[in-house]
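For reference, the structure is listed below as structure tokens.
What follows is calculated from the coordinates using simple rules that are stated; it is not laboratory data. These figures come from a predicted structure and were not determined experimentally. Don't worry about glycine lacking a Cβ; one is built from the backbone with ideal geometry, like all the others, and counts go over all protein chains shown.
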Amino acid sequence: MNLPLKIFLIYMIVINFIAIIVTIHDKKSAMKNKWRVPERTLLIVSGLGGSVMMFFTMKVIRHKTKHLKFMLGIPIIFILQCVLIFYLWRMFYGG
């Protein structure tokens, strides 16, 4: 495995771990009526690569599941990320 791929995989693990933490923190804050993570921040973390685990975590802990912005938006972000990764993979490794 080459170095750029290793860096990418490490990045994806870290950003998805961050997505889990931020989502759980927001849920706990909502339950306690404390400071919440802005929706924009949640979407940014998703857009930076944390979409898979953020969506999964939201479903598991039932957080923001009634918000179309998240239940439709995060899967759309994930699909766009897959298209981008496929395009970049073909560009650099495919031919």
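Brief remarks follow.
- Potential lengthening of the chain between Asn2 and Lys66 amounts to 18.9 nm, from the contour at 0.36 nm per residue minus the alpha-carbon distance.
- Evaluated over the chain, the count of Lys pairs having alpha-carbon atoms less than 16 Å apart is 7 (only pairs 8 or more residues apart or interchain).
- Debye-sum result for the chain in log10 I(q)/I(0), which assumes one identical scatterer on each alpha carbon, at q = 0.12, 0.16, 0.22 Å⁻¹: -0.42, -0.68, -1.08
- Percent RCO, i.e. relative contact order, over the chain, from Cα pairs under 8 Å lying at least 6 residues apart: 27
- Label point distance in nm, Ile10-Lys28, each placed 7 Å from Cα along Cα→Cβ: 2.8
- The chain: angle of helix 51-61 to the longest principal axis, Cα-based, in degrees nearest 10: 30
- The chain, helix-only ellipticity at 222 nm - DSSP H runs n ≥ 4, -39,500 (n - 2.57), divided by all residues, nearest 500: -23000 deg cm²/dmol
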